[in-house]
Amino acid sequence: MSVIELHRPPHRVAVLSVHTSPLEQPGTGDAGGMNVYITQTATRMARRGIAVEIFTRATSSELPPVAELAPGVLVRHVHAGPFEGLGKEELPAQLCAFTAGVQRAEARHEPGHYGLVHSHYWLSGQVGWLVRDRWGVPLVHTAHTLAKVKNAALADGDTPEPRTREIGEQQVVDQADQLIANTAVEAAQLTDLYDAEPEKVNTVAPGVDLELFRPGDRAAARAALGIAPNAVVLAFVGRIQPLKAPDVLLRAAAELVATGAVPRERLVVVVVGGPSGTGLEAPTSLQELAAELGIADVVRFLPPRRGQALVEVYRAADAVAVPSHNESFGLVALEAQACGTPVVAAAVGGLPVAVSHLNSGMLVGGHEAVHWADALRQVVAQPRLWTRLSAGAVAHAGEFSWDHTTDALVAGYVEAQGAFRRALFARDVAV
């Protein structure tokens, strides 16, 4: 390979997303920020002339073998286990079948069809380092979440990640040619908790679609949702599971009502999302909690939504709460801020990067209802502060974009190719 070729990005990337498809609706099941990340970066890579093929597990017999996500981006549905009824924790048993399906797809082409493999989440990483060795191409891996980090910040009653996942993640960290971290905090977690080589870790912040998520007519957004113009609107957007802690918003809302900080007749709490993860074990627990707290009359539960329908939720809200116990970044926070809505978020993981404290929103230490109620009260009850935070939210979100993310990923691909070739050369010389 010539020096010029070493500095060119790969002509085609195999993206591995075993447990969730970019075609699925974020906000329920296993679909979330990772789906958005893959869709947005793959689409933009294709615009830069890099073909992308995304391999994901088929979850329905009605899915076509291959679907076009966007020009230059294909989604390949691999048969691995029964179409329905498999939880994420059961998928390790299907990795051999999935790997075989990926290899069969590659075998239909001339050698070198894929120039690089990018795996997302540890299950995909397990497949990635096997096909990387078979194809002789670099492996780039994005963890999105890490078991050791999640287990250190479990919500009360939540189920810890199994030891098998920790072991699997360690194997992927050891094998990958480059690891993509969302923030410097995650990069440190990879080196401190998984002994990743620092030179292999590349920090690339996720982005936000600044063309879609932008400020707009709040009154029109509220009218579309059937919310009164003078309401105080608090929103949660995401998967309904203990890790995301939507219960914290409900408890804080009950505190606001109980103390009279927000009149009951004006308060509207909007929860957008569906049960996921351990939340599937008690799919109506949040509704039951609202009733138990005596605020069922002010809480509205909406199914997951995307596009302009999601924008309406952000624009309608006075504040968006992101009370997660752990969050590798927090795309919801960026999306809301891009719409001009201040965010009140937990000071965990990547959220202190996604939210600029006292500039675009507020960060809260811990998950006590009284502290969350106080932060939310400050944001929604002080018009001058809200106006300043709203302007700061738009400015802060404007520092992130999927184009910047994609450019950084492509540059990282070039680095990974060079490191991979140098390692091969060194090994051949040693032999």
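The values are calculated or read from the model by the stated rules, or taken from the named source; none is laboratory data. On a predicted model such as this, the values are computed, not experimentally measured, just so you know. Here the Cβ is made from the backbone with ideal geometry for all residues, glycine too, and neighbour counts use every protein chain on show.
Quick notes on this one:
- The residue of region 22-40 that is surrounded by the most Cβ atoms within 10 Å (Cβ to Cβ), among those that are modelled with pLDDT of 90 or more and in contact with a Pro (Cβ under 8 Å, 6 or more places away or on another chain), is Ile38.
- Residue satisfying all of: in region 236-261; buried (at least 24 other Cβ atoms within 10 Å of the Cβ) and over 16 Å from the mean Cα position of the chain (by Cα); farthest from Arg305 (Cα to Cα) among these: Leu256
- Residues in region 100-120 that are outside any strand (DSSP E or B), of a type in the set (Gly, Ala, Ser) and closer than 19 Å to His141 by Cα: 1 in all.
- Some residue of region 83-92 being more than 21 Å from the chain's Cα centre (by Cα), over 11 Å from Leu16 (Cα atoms) and at pLDDT 95 or above: no
- Applying the set (1) farther than 21 Å from Arg132 by Cα; (2) crowded, with 18+ Cβ neighbours inside 10 Å; (3) among the β-branched types (Val, Ile, Thr) to Val172 leaves exactly one unmet item: (1).
- Check on Glu186, among the acidic types (Asp, Glu), surrounded by fewer than 21 Cβ atoms within 10 Å (Cβ to Cβ), part of a helix (DSSP H, G or I) and out of contact with any strand residue (DSSP E or B) (no Cβ under 7 Å at 6 or more places or on another chain): no
- Qualifying residue in region 145-152 (condition: within 15 Å of Val13 (Cβ to Cβ) and assigned to a loop (DSSP other than H, G, I, E, B)): no
- Residue within region 54-69 that is part of a helix (DSSP H, G or I) and either under 24 Å from Val332 (Cβ atoms) or at pLDDT 90 or above (or both) present: no
- Matching residues, region 97-118, being modelled with pLDDT of 95 or more and either outside the structural domain of Glu197 (by the TED database) or within 20 Å of Ala423 (Cα to Cα) (or both): Tyr114, Gly115, Leu116, Val117, His118
- Here Ser328 passes the criteria (1) farther than 30 Å from Thr387 by Cβ; (2) hydroxyl-bearing (Ser, Thr, Tyr); (3) surrounded by fewer than 24 Cβ atoms within 10 Å (Cβ to Cβ); (4) in contact (Cβ under 8 Å) with a residue 24 or more places away in the chain except the one numbered (3).
- Here Ala181 meets the list (1) at pLDDT 95 or above; (2) under 30 Å from Trp386 (Cα atoms) almost entirely, failing just condition (2).
This table checks each residue for (1) surrounded by 15 or more Cβ atoms within 10 Å (Cβ to Cβ); (2) in a loop (DSSP other than H, G, I, E, B); (3) modelled with pLDDT of 90 or more.
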position: Pro9; (1), (2), (3): yes, yes, yes
position: Thr20; (1), (2), (3): yes, yes, no
position: Ala42; (1), (2), (3): yes, no, yes
position: Leu95; (1), (2), (3): yes, no, yes
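- Residue that is crowded, with 18+ Cβ neighbours inside 10 Å, of a type in the set (Lys, Arg) and closer than 18 Å to Ala14 by Cβ, where the choices are Arg165, Arg132: Arg132
- Scanning region 219-247 for residues that are closer than 19 Å to Gly361 by Cα and in contact with a Ser or Thr (Cβ under 9 Å, 6 or more places away or on another chain) returns Ala235, Gly238, Lys244, Ala245.
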